[in-house]
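What follows is a single structure, and I will ask about it in a moment.
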Amino acid sequence: MCATQTESLADQRIAACSAILKSGRLRGEPLGVAYSLRGLAYLDRSDVPHAIADFNQAVALAPEFVPAYQNRGNAWYARGNFGEAIADYDTAIRLDPQSPSAYINRAAVRRELSYTEGAMQDYQKALALDPNRATAYSGRGQLYMRQKDYAHAIADFDRALELDRSLGNFMLRAQARQASGDSRGALADYADASRLDPKNVAALTAEAGIWRKQGDNDKAIAAYDRVISANERSPATYKLRAEAYAAKGERANAIADIDRALKYAWSTDLLRVRGALRLDSGDISGAINDASVVLKSAPDSAAALSLRGAAYARKRDYARALPDFDKAIAIDANDASAYAERGQIYFAKNDTARALADFNRTIELGTVSAAPYRARAMIEKANGDTDKALGDLDQAIKRDPRPADVYLLRADLHKKKGENDLALADLDAALSRTPDDAGGLMARAQLRQAKGDMDGAIADYDATIKRAPNNVDALRGRGAALLAAKSYARAADVFDALIRLNPKNAQAYYQRGQAYELSDDLGRAAADYKAALSHDRRMQDARQALVRIAAAERAQKRAGIRDVKTEAAAKIDAKPSPAPVANKVANKSADADGKDAARSAPAVQKPDVTASLPSKDAKTTPQETKAPREQPKVEQKASSKIAALPSSKAEIKPIVREPELRRGSPRKAEKSAPPNARTHKEQKKPARVVERKKPAHAETRKTYATTYRRAGSPVLSRRGARFTDIWN
């Protein structure tokens, strides 16, 4: 049993070796070896003084026994006496230069003394002597870790684990992986270490630390639960779990854990932590009490002064808060929390210069809090420095992405820069955290409306109005979005609601008028535009709208008259055309067959009834028709389809008499008559046809019969020409 080196049997080994030593049977070197074995058992039991005493006896009795020097060196190393340890390792190497153990042990001491080059030489020598020594790889891996050469460190730990899958090697590789950013690999190694020792506090605590760093506080708390199951009297673990609860916002559970920790180990640090938790949960009196208790034991505690100052600041008792912060900063010029809290007080007092200086100092000191960045961003925004404000808000969100107001602030800045897509993304993030925020809903509705997303805008306006039915801005925006979406009836309903809220709202009348106008309800539109002007005589848009409506109404009337005339012409066209009546003085030698052919030929296509009148060369006179009240003047050449005039002097051309026109009205032009039937003045008149507006009384006049006169002949009376006589 004495020669056994199992650590768990250290007590039995000590008893067995003691019995041998007391027997008196050993002398010289064998006796020295027995002392060395008992010294190693004491060392395994962490009884360093008894171990060193036995190793001294061993070296004295067996000066050539190398393990005695190595183990005494280990005892000196455990005690922290590195010089004595190196001296013993040197002796061991001198006595046995082919043993890798002494090199490995001396390398460990040199590593602790930061003698990197000497330590690396010893590890290389040990591996050269024995390439399968796991402790040499793990030792060199630790040396690489100190140099932050994580790739080589992990490679050495991989090799060490191939040779010895011990808990220590898993822990070392987990630490290297965690330091290199490989959290997943580190968690796997910590899990393997925990399987080897389910109650290993270091592995479980390290695993919980990774989960906290990744923001998974639930898994962190589960790991701390396992640690507490292994050791329920660990104040440090309760404190760590309290921090995880606080990160989740479960301050009551956090305070309960600090209370448990204080039960096992009272400390001002735990009191300060509990005071901070009480302050965050709104227990200002409790926070002041904890801080005051700490200050009784440690009057110069900058952290306690900062805590109490913050509690006074929450009560807006700035007269007490500022002296506490000033004193805290005087004691510790690097207390970032004191600068941050004092800056908030200056900011609340509108002393932005001092506030900005304190926030700058807080950030220089490397604060992890989001509050200083947010506050500084607000000052920069007020100063017009948009880019700096955006940068600070980015940092605030990086440190604490939970609050919605930071996203709203950043969205507003992006909107001012014209970065509407980024602004919309921030508004989405804010509203995912606080869906009932009316300001966020309104801002997103306006951005969506500006981008042409009317459906999205209307949905946001509806959500706002649901929460605040009398929100005038939301109603106005919704109405405008409905107008843009061509939902005019719904838009008019929205403006109805606005007018009910404020019957003197000129803008609402104007917008409702727009809805009516766009739906072609010009009468109601005009009434609303007039109502808008009655409440605001300076509204030029309403005046212009009335002018526009008047023009539209005139156009509608003209269009209606044209439609009526077109319909009348179509009815006339539909009637069968009677055969033309022969002129009594016409040439009796006309060919009858030609007349039949003329009657059976298809009729010439009718032009628009407002277009022209027939030429005077036609054989018959047109019947008077009612002309529209307002028609544009149209000139048209005489039809080329009219038959040629006969050459006989006996034929008399009919002259169509027209009612006398009012002065200034357009006249119908007549074609030149033959010299024997017209005056010189009439002969020079150009042949033209002009459409004119008939006077109102023209329709009641009688149609006078035309007269034909020849020299030396009696006056002949003829009937007026029919419409069909002109076009057939």
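The values are calculated or read from the model by the stated rules, or taken from the named source; none is laboratory data. This one's a predicted model, so the numbers in the text were calculated from it and none came from an experiment. All Cβ positions, glycine included, derive from the backbone under ideal geometry; neighbour counts span all protein chains shown.
Looking at (1) touching a residue at least 12 places away in the same chain (Cβ under 8 Å); (2) farther than 19 Å from T367 by Cβ; (3) among the small types (G, A, S), which is the only condition A340 fails?
(2)
Please find, among S46, S114, S101, the residue that is outside any helix (DSSP H, G or I) and closer than 23 Å to R146 by Cα.
After applying the criteria, what remains is S114.
Scan the stretch 24-38 residue by residue and report those that are surrounded by 15 or more Cβ atoms within 10 Å (Cβ to Cβ) and assigned to a helix (DSSP H, G or I).
Listed by number, the residues that qualify are L31, G32, V33, A34, Y35, S36, L37, R38.
I'm told W266 meets every condition in (1) in a helix (DSSP H, G or I); (2) out of contact with any Phe, Trp or Tyr (no Cβ under 9 Å at 6 or more places or on another chain) except one. Can you identify the failing condition by its number?
Of everything listed in (1) in a helix (DSSP H, G or I); (2) out of contact with any Phe, Trp or Tyr (no Cβ under 9 Å at 6 or more places or on another chain), W266 misses just condition (1).
Of all the helices (runs of 4 or more DSSP H) wholly in the stretch 468-543, which have at least 3 residues that are farther than 25 Å from A443 by Cα?
Output list reads 506-518, 522-535.
Now, a different point. Do you know which of the residues in the stretch 223-242 that are over 37 Å from the mean Cα position of the chain (by Cα) and of a type in the set (A, V, I, L, M, F, W, C) is surrounded by the most Cβ atoms within 10 Å (Cβ to Cβ)?
Only one residue fits best here, namely V227.
Looking at the stretch 290-315, which of its residues are surrounded by fewer than 17 Cβ atoms within 10 Å (Cβ to Cβ) and either under 18 Å from E243 (Cβ atoms) or over 40 Å from the mean Cα position of the chain (by Cα) (or both)?
Answer for the stretch 290-315, where residues must be surrounded by fewer than 17 Cβ atoms within 10 Å (Cβ to Cβ) and either under 18 Å from E243 (Cβ atoms) or over 40 Å from the mean Cα position of the chain (by Cα) (or both): S292, V293, K296, S297, A298, P299, D300.
For the stretch 505-528, which residues satisfy the criterion of being over 16 Å from Y488 (Cα atoms) and under 40 Å from the mean Cα position of the chain (by Cα)?
N505, A506, Q507
How about the stretch 410-467: which of its residues are polar (S, T, N, Q) and surrounded by 14 or more Cβ atoms within 10 Å (Cβ to Cβ)?
Within the stretch 410-467, N420, T434, Q446, Q449, T464 meet the criteria.
Additional query: With respect to K381, is the statement that it is of a type in the set (K, R) and more than 20 Å from T352 (Cα to Cα) true?
no
Follow-up. Restricting attention to the stretch 15-23, does a residue exist that is surrounded by fewer than 17 Cβ atoms within 10 Å (Cβ to Cβ), of a type in the set (A, V, I, L, M) and either at pLDDT 90 or above or within 29 Å of K125 (Cα to Cα) (or both)?
The answer is yes; a qualifying residue exists.
Now a separate question. Give the number of residues within the stretch 247-273 that are in contact with a helix residue (DSSP H, G or I) (Cβ under 7 Å, 6 or more places away or on another chain) and within 18 Å of R212 (Cβ to Cβ).
Within the stretch 247-273, residues that are in contact with a helix residue (DSSP H, G or I) (Cβ under 7 Å, 6 or more places away or on another chain) and within 18 Å of R212 (Cβ to Cβ) number 9.
In the set R140, R165, which member is closer than 25 Å to D197 by Cβ and surrounded by fewer than 14 Cβ atoms within 10 Å (Cβ to Cβ)?
Numbers: R140 fails: surrounded by fewer than 14 Cβ atoms within 10 Å (Cβ to Cβ).
After applying the criteria, what remains is R165.
Please find, among A206, A254, A151, the residue that is surrounded by 15 or more Cβ atoms within 10 Å (Cβ to Cβ) and touching a residue at least 24 places away in the same chain (Cβ under 8 Å).
Result: A206 is the single residue among A206, A254, A151 that is surrounded by 15 or more Cβ atoms within 10 Å (Cβ to Cβ) and touching a residue at least 24 places away in the same chain (Cβ under 8 Å).
Quickly run through the stretch 272-316 and pick out the residues that are of a type in the set (K, R) and on the phi > 0 side of the Ramachandran plot.
R316
Check K327 against each of (1) under 24 Å from A291 (Cβ atoms); (2) not in a helix (DSSP H, G or I) and name the one condition it does not meet.
Here K327 clears every test but (2).
Give me the pairs, please: first residue somewhere in the stretch 220-246 and under 9 Å from A208 (Cα atoms), second residue anywhere and of a type in the set (K, R) and outside any helix (DSSP H, G or I), beta-carbon distance under 8 Å, and either six or more positions apart or on two chains.
none
Give the stretch 400-431 a look and list any residue that's touching a residue at least 12 places away in the same chain (Cβ under 8 Å), outside any helix (DSSP H, G or I) and more than 28 Å from K248 (Cα to Cα), or say none.
Across the stretch 400-431, the qualifying residue is only K417.
Could you tell me which residue of the stretch 316-371 is nearest to A298 (Cα to Cα), considering only residues that are among the basic types (K, R) and more than 31 Å from the chain's Cα centre (by Cα)?
If we take residues in the stretch 316-371 being among the basic types (K, R) and more than 31 Å from the chain's Cα centre (by Cα), then K327 is nearest to A298 (Cα to Cα).
While we're here: Determine the pairs where a residue that is within 17 Å of V109 (Cβ to Cβ), located within the stretch 47-71, has a partner that is basic (K, R) with Cβ atoms under 6 Å apart, the partner being 6 or more residues away or on another chain.
Short answer, once both residue conditions are applied: V48/R79; F55/R72.
Within the stretch 206-255, which residues are basic (K, R) and not in a loop (DSSP other than H, G, I, E, B)? Give the derivation first.
First, pick out the residues of the stretch 206-255 that are basic (K, R): 212-213, 219, 226, 233, 239, 241, 248, 251.
Selection gives R212, K213, K219, R226, K239, R241, K248, R251.
Next question, about the same structure. Looking only at the stretch 5-14, count every residue that is β-branched (V, I, T) and surrounded by 13 or more Cβ atoms within 10 Å (Cβ to Cβ) and tell me the total.
1
Taking the criterion of being hydrophobic (A, V, I, L, M, F, W, C), over 28 Å from A186 (Cα atoms) and either under 58 Å from the mean Cα position of the chain (by Cα) or part of a helix (DSSP H, G or I) (or both), would at least one residue in the stretch 140-147 satisfy it?
No: zero hits.
Evaluate the following for G275: is it in a helix (DSSP H, G or I), free of Cβ contacts under 8 Å to residues at least 24 places away in the same chain and within 17 Å of A313 (Cα to Cα)?
Considered against the rule, which asks whether it is in a helix (DSSP H, G or I), free of Cβ contacts under 8 Å to residues at least 24 places away in the same chain and within 17 Å of A313 (Cα to Cα), G275 comes out as no.
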